[in-house]
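Notes for the one structure printed next.
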Amino acid sequence: MASPGQYPFFQNAIDFLKQTFDLLGKHPIGYARFDKGFGGEDFYSLLESRKIGYAGKLKWTKRLEQEVRKCRYWTRYVDEDWIIEGITLIYKATTWKKARRVIIIRKAQVFDDGQSRMVFDSDWQYEAIVTNLEWEPIDLWRFYNQRCCMENYIKEAKNGFSMDRIATSDFRANELDLLIKLLAYNLFERFKRDCCEPVHRGYTIARFRLEFFHIAATLIQHSRSVILKLAKDFAGRYAWKRIECRVAQLE
């Protein structure tokens with residue numbers, strides 16, 4: 001997810017959050033995940049006032065690093081090729097009105113020389129997450145990292161439906177273009193869920209096109225002529241027939 005400083009429409013995250021609440025109406029919100037581009041005292045307070053559990057990435061600052069260096073007792077959660085350890089701090093950033101729970105996860109890859117397994121202090125990679133949830137650090141870290149699947153959805157929207165392309169120099173035309181692409185994206189996701197085989201529901205639009213529409217052909221050169229011979233059949237024919245039947249039943 002982009003950070004507020006990158007794009008002007010992210011500069012007022014509070015209004016964006018309030019608008020999201022309005023759109024959801026009476027639908028309950030259990031949890032929120034957000035990266036370090038969001039957050040801040042007002043952002044956290046709004047979530048806390050609505051009793052929404054949250055986990056948000058924190059920027060790794062020198063002040064936070066100094067607090068972490070004081071900690072000596074880490075809990076080890078994974079001890080394999082990668083070591084993962086965690087601690088919990090009660091930390092108050094300079095812009096916060098109150099201290100909050102911050103979990104720190106550090107991970108390092110083990111160096112194995114055949115006789116011993118070693119990890120050097122310089123090998124640790126640190127992550128900080130602010131939260132109001134009373135979970136174990138490893139559970140919060142895994143919960144936060146579930147949001148990474150959103151990057152795949154964004155990638156699919158960009159690569160499969162060209163949502164990152166600016167069609168014209170006119171704002172209204174660009175808005176309409178974006179809404180049409182968004183509609184196409186959502187229709188494809190609904191189509192996969194309602195009409196496709198389970199094996200196809202994880203397909204990107206590019207893979208779906210390749211498997212069902214871009215049917216293989218062969219170029220043959222014979223008697224100084226080049227002939228394109230289209231395949232008479234394709235591996236997904238019967239699956240496509242079943243999909244066609246399900247589409248017809250939607251009418």
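The values are calculated or read from the model by the stated rules, or taken from the named source; none is laboratory data. Every value quoted in this text rests on a predicted model; they were computed, and no experiment measured them. Here the Cβ positions follow ideal geometry from the backbone for every residue, glycine too, while neighbour counts run over all protein chains shown.
Observations
- Total residues in segment 203-233 satisfying the condition of being under 34 Å from the mean Cα position of the chain (by Cα) and either more than 29 Å from A157 (Cα to Cα) or in a loop (DSSP other than H, G, I, E, B) (or both): the figure is 6.
- Residue among R50, R72 that alone is surrounded by 10 or more Cβ atoms within 10 Å (Cβ to Cβ), among the charged types (D, E, K, R) and either at negative phi or within 25 Å of the chain's Cα centre (by Cα) (or both): R50
- Residue check, Y31 touching a Leu at 6+ places or on another chain (Cβ under 9 Å), hydroxyl-bearing (S, T, Y), at pLDDT 90 or above and closer than 24 Å to D139 by Cβ: yes
- Taking the listed residues I83, I105, the one that is in contact with a Phe, Trp or Tyr (Cβ under 7 Å, 6 or more places away or on another chain), part of a strand (DSSP E or B) and farther than 30 Å from K18 by Cβ is I105, with no other qualifying.
- Number of positions in segment 36-61 that are assigned to a loop (DSSP other than H, G, I, E, B) and of a type in the set (S, T, Y): 1
- The set of residues in segment 38-56 being out of contact with any Phe, Trp or Tyr (no Cβ under 7 Å at 6 or more places or on another chain) and among the small types (G, A, S) consists of G39, G40, S45, S49.
- Residue in segment 188-201 that is modelled with pLDDT under 90, within 30 Å of R33 (Cα to Cα) and surrounded by 15 or more Cβ atoms within 10 Å (Cβ to Cβ) present: yes
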